[in-house]
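The values are calculated or read from the model by the stated rules, or taken from the named source; none is laboratory data. Bear in mind that the values here come from a model prediction, so they are computed numbers and not experimental data. With ideal geometry, Cβ positions are generated from the backbone for all residues, glycine too; neighbour counts draw on all protein chains shown.
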């Protein structure tokens, strides 16, 4: 497929393909040094209250978090460990908790507009993943792999909650995530722009992931835990790809499989770049 940006889309009707505003106007509790550090660095959320336990030794990564808060003019309030335990609902807060505005999703329209400026954009579509740990892990990999946008369904799927932020080690704070009512419609809009989709599927008709050309604009689709992709999602993919399974187990965790597929894209693109230099 080579280096290329999107084709210009064919104009369609005015049906909604994604929400244009943040997910509600509420707040949520983030906890843990790394998630809060990345939240502060990303600068996308409003911080209402910021708590640190005086019982926690303030050095290293915690001092970095406190310095970031100070630079942003955020007042740190002391809170004992038991109170932080309650706020974090038993999560491993590491002595730091923040009450912040809800995660802000991007509109799908904005995601498309931003991606038009990128050569060979890479997208990640999550087809009704419900485990926050898997979603968080995939967002962490997506950020590291240079994915320009992640798309998730509005219903029957894990959204970007505090648990997901924690599982992503805060990487979700830097990602453009669109939450849409219809995943397949969004895939088709990208296909009109020259993006090809590879869906992870171990069944009949799939090819080994290394056999598929992923050097151009690409979307990786990861299906739900256990059930995989829904039928319409599967049928909308340009390729079905599988991972080589050489041992006795027949499948991998959704987050692991998705990570391998994303890095296969990177491997192919670097190999092509090396060949052209």
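Just checking, how many residues over segment 90-139 are part of a loop (DSSP other than H, G, I, E, B) and in contact (Cβ under 8 Å) with a residue 12 or more places away in the chain?
Number satisfying all stated conditions: 21.
Which one is modelled with the lowest pLDDT, of the residues in segment 220-232 that are surrounded by 13 or more Cβ atoms within 10 Å (Cβ to Cβ), out of contact with any helix residue (DSSP H, G or I) (no Cβ under 6 Å at 6 or more places or on another chain) and at negative phi?
Across segment 220-232, the extreme among qualifying residues is 224.
Answer yes or no: is there a residue in segment 235-250 that is in contact with a helix residue (DSSP H, G or I) (Cβ under 8 Å, 6 or more places away or on another chain), assigned to a helix (DSSP H, G or I) and either within 24 Å of residue 118 (Cβ to Cβ) or not assigned by TED's automatic domain parsing to the domain that holds residue 194 (or both).
Yes, that holds for at least one residue.
Is it the case that residue 122 is under 22 Å from the mean Cα position of the chain (by Cα), at pLDDT 95 or above and more than 23 Å from residue 161 (Cβ to Cβ)? Reasoning before the result, please.
Details: under 22 Å from the mean Cα position of the chain (by Cα): yes; at pLDDT 95 or above: yes; more than 23 Å from residue 161 (Cβ to Cβ): yes.
Yes, satisfied.
Which residues, taken from segment 193-208, are within 21 Å of residue 134 (Cβ to Cβ) and either modelled with pLDDT under 90 or part of a loop (DSSP other than H, G, I, E, B) (or both)? Walk me through how you get there before you give the answer.
Initially, segment 193-208 is screened for residues within 21 Å of residue 134 (Cβ to Cβ), giving 197-203, 206.
Within segment 193-208, 201, 202, 203, 206 qualify.
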